[in-house]
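Single-structure report; data block below.
The values are calculated or read from the model by the stated rules, or taken from the named source; none is laboratory data. Please read all numbers here as calculations on a predicted model, not as lab measurements. Every residue, glycine among them, receives a Cβ derived from its backbone with ideal geometry; neighbour counts consider all protein chains shown. Surface accessibility is based on the protein's heavy atoms, side chains included, excluding ligands, DNA and RNA. Shrake-Rupley method; radii C 1.70, N 1.55, O 1.52, S 1.80 Å.
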Amino acid sequence: MIEDFDLIVASFTSQYGLRISDIKQMRWSEFRSLLVGISPDTILGRIVAIRAENNKEILKNFTADQHRIRNEWRAKHARGMNKKDAKTAIADYERIFLEMVGVKIAEN
């Protein structure tokens, strides 16, 4: 998931006009809400749509790059994510976001 951070940044800029690096303060819940509302017209929206596509008729018309994107994602996530990995991924996103807006994170 963290590999998608650049896609998130670009999508926030194109959809909301927000430069994430310029945000000084935003609640995590607001960030999540904005992320959930990302349009399929953004780069993140398009990539997510490619990764999630299962319609065989649509897949027949995919370009080589679209197939590569989908296949890489499916291979990487074929085993699924357990609850511990999901919690770790969420914590990583929170840490990255907080550090990005200048909040110092205490090391455990």
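General observations
- For the chain, relative contact order (Cα pairs under 8 Å, six or more residues apart, normalised by length) works out to 30 percent.
- In straight-distance terms, cross-link reach from Lys60 covers every one of the lysines whose alpha-carbon lies under 30 Å from its own, apart from those fewer than eight places away in the same chain; here that gives Lys76.
- Per residue solvent-accessible surface (Å²) - the range 1-89, probe of 1.4 Å: 72 Å²
- Once the trypsin sites (Lys or Arg not before Pro) in DSSP loops with at most 13 neighbouring Cβ atoms within 10 Å are cut out of the chain, the longest remaining piece is 28-78.
- Summarising the label geometry, the points placed 7 Å from Cα in the beta-carbon direction at Ser39 and Leu18 lie 1.6 nm from one another.
- Treating r as the C-beta distance of Arg32 and Glu99 and R0 as 25 Å, the FRET efficiency rounds to 0.90.
- Per residue, the chain reaches -19000 deg cm²/dmol at 222 nm when only DSSP H runs of four or more residues are counted, each adding -39500 (n - 2.57).
- Gyration tensor (alpha-carbon) shape descriptor, the chain, a/c threshold 1.5: oblate
- Solvent-accessible area, 1.4 Å probe, carbon plus sulfur percent, for the range 35-98: 56 percent
- Summed side-chain charge close to Ile43 - residues other than Ile43 whose Cβ falls under 12 Å, Lys, Arg +1, Asp, Glu -1: -2
- With each label modelled as a point 7 angstrom along the Cα→C-beta vector, the Glu53-Ile90 pair spans 3.1 nm.
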